[in-house]
Amino acid sequence: MIDSSERDTLSDQQRNKQIVRDFAELAFNAKRPAEAVAAYIGPRYVQHNPEAPDGPEAFVAFVTGCGERFPKLSLDVRRVIAEDDLVVLHSLFTTSPEDRGTAAVDIFRLEDGKIVEHWDVVQPVPETAANGNGMV
């Protein structure tokens, strides 16, 4: 039987999953990173991607730059997993319809309903693989 504290945790995890999914969709697919930051990121944003600086403004600049270089950039979220204050997205990033893409695992930490920290691991989807399982 699930007690009330477990129900609260489940609803927090579901809420956090929706926050992260909405954030990613707005920032990357709708190409509105400033709005995504205003709605979903807290006053501090710790970035663990070595190519991106810390801070909400830095996120906007980073994603805006990616969008300028790759105007057909697309994010296809395949899985969303939550545990405690962490949410994991397993996604496929493509820069154009012809691009095989990059498989990405992004980990977000939330506090009080706001994204405050991010890690990621990315790998280009190869032309051939030793198995037919796919990466995303």
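The values are calculated or read from the model by the stated rules, or taken from the named source; none is laboratory data. Computed from a predicted structure; not experimentally measured. All Cβ positions, glycine included, derive from the backbone under ideal geometry; neighbour counts span all protein chains shown.
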Hey, CYS66 hits all of (1) under 20 Å from VAL88 (Cα atoms); (2) in contact with a Leu (Cβ under 8 Å, 6 or more places away or on another chain); (3) hydrophobic (A, V, I, L, M, F, W, C) but one; which does it fall short on?
-> (1)
Given the conditions (1) farther than 27 Å from VAL125 by Cβ; (2) modelled with pLDDT under 95, and given that ASN49 satisfies all but one, which numbered condition is not satisfied?
-> (1)
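Within the stretch 116-123, can one find any residue that is of a type outside the set (Phe, Trp, Tyr), in a loop (DSSP other than H, G, I, E, B) and touching a residue at least 24 places away in the same chain (Cβ under 8 Å)?
Within the stretch 116-123 (the criterion being of a type outside the set (Phe, Trp, Tyr), in a loop (DSSP other than H, G, I, E, B) and touching a residue at least 24 places away in the same chain (Cβ under 8 Å)), the answer is no, since none of the residues qualifies.
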Return the pairs, sorted by first residue and then second, in which the second residue is of a type in the set (D, E, K, R), the first residue lies in the stretch 66-77 and is over 18 Å from VAL125 (Cβ atoms), the beta carbons are less than 9 Å apart, and the residues are 6+ apart or on different chains.
-> GLY67/LYS31; PRO71/LYS31
May I ask you to verify whether SER91 is in contact with a Lys or Arg (Cβ under 8 Å, 6 or more places away or on another chain), polar (S, T, N, Q) and either surrounded by 18 or more Cβ atoms within 10 Å (Cβ to Cβ) or under 21 Å from ALA58 (Cβ atoms) (or both)?
-> yes
